[in-house]
Amino acid sequence: MDAARTLLLPVWQAAETSRVGPTPEVVPRVLELMAKHQLGRKRFLDTALAATLERAGVRRLATVNGADIRCFPFIEVVEAA
């Protein structure tokens with residue numbers, strides 16, 4: 001966990017980092033996406049992330065676990081090495 005924190009803290013604090021967070025409109029969208037894609041409760045956080053990114057206009061996500069996001073067509077998944 002310390003290695004992850006050490007890696008992410010400079011990114012979080014960088015001037016060019018745009019921070020996004022959920023808005024009240026995100027929750028209904030999460031529920032809509034979960035129903036549309038027939039996702040269970042274990043996929044809530046992935047779906048909330050996707051809906052938050054969609055609302056913020058983010059269209060591309062770099063991740064090491066793209067399988068959990070690929071079902072959302074509005075997010076382009078870039079597999080990080």
Residue list for the range 4-26, restricted to those being in contact with a helix residue (DSSP H, G or I) (Cβ under 8 Å, 6 or more places away or on another chain) and farther than 19 Å from Thr63 by Cα: Pro22, Thr23, Glu25, Val26
Considering residues of the range 1-19 that are hydroxyl-bearing (Ser, Thr, Tyr) and more than 24 Å from Arg70 (Cβ to Cβ) only, the residue nearest to the chain's Cα centre (by Cα): Thr17
Pick from the range 20-37, criterion of a type in the set (A, V, I, L, M) and crowded, with 16+ Cβ neighbours inside 10 Å, ranking: farthest from Arg70 (Cα to Cα): Val26
Selection status of Leu49, of a type in the set (A, V, I, L, M) and either more than 27 Å from Ala4 (Cα to Cα) or touching a helix residue (DSSP H, G or I) at 6+ places or on another chain (Cβ under 6 Å) (or both): no
Output for the range 43-56, where each listed residue is within 22 Å of Glu79 (Cβ to Cβ), more than 10 Å from the chain's Cα centre (by Cα) and surrounded by fewer than 16 Cβ atoms within 10 Å (Cβ to Cβ): Ala56
Failed item in (1) exposed (fewer than 10 other Cβ atoms within 10 Å of the Cβ); (2) under 16 Å from the mean Cα position of the chain (by Cα); (3) small (Gly, Ala, Ser), with Gly40 passing the rest: (2)
Close pairs (8 angstrom Cβ cut-off, 6 or more residues apart or separate chains): on the phi < 0 side of the Ramachandran plot and exposed (fewer than 10 other Cβ atoms within 10 Å of the Cβ) in the range 1-19, among the aromatic types (Phe, Trp, Tyr) and not in a loop (DSSP other than H, G, I, E, B) anywhere: Arg19/Trp12
Contacts under 6 angstrom Cβ, first residue in the range 28-54 being without any contact (Cβ under 8 Å) to a residue 60 or more places away in the chain, partner acidic (Asp, Glu) and surrounded by fewer than 18 Cβ atoms within 10 Å (Cβ to Cβ), 6 or more apart: Asp46/Asp68
Given (1) out of contact with any Ser or Thr (no Cβ under 9 Å at 6 or more places or on another chain); (2) under 26 Å from Ala4 (Cβ atoms); (3) among the aliphatic types (A, V, I, L, M), number of the condition Val78 does not satisfy: (1)
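Bear in mind that the values in this text are calculations on the coordinates, not laboratory data. For clarity, every value in this text was computed on a predicted model and none was experimentally measured. When we count neighbours, we look across all protein chains shown, and the Cβ atoms used for this are built from the backbone with ideal geometry, even at glycine.
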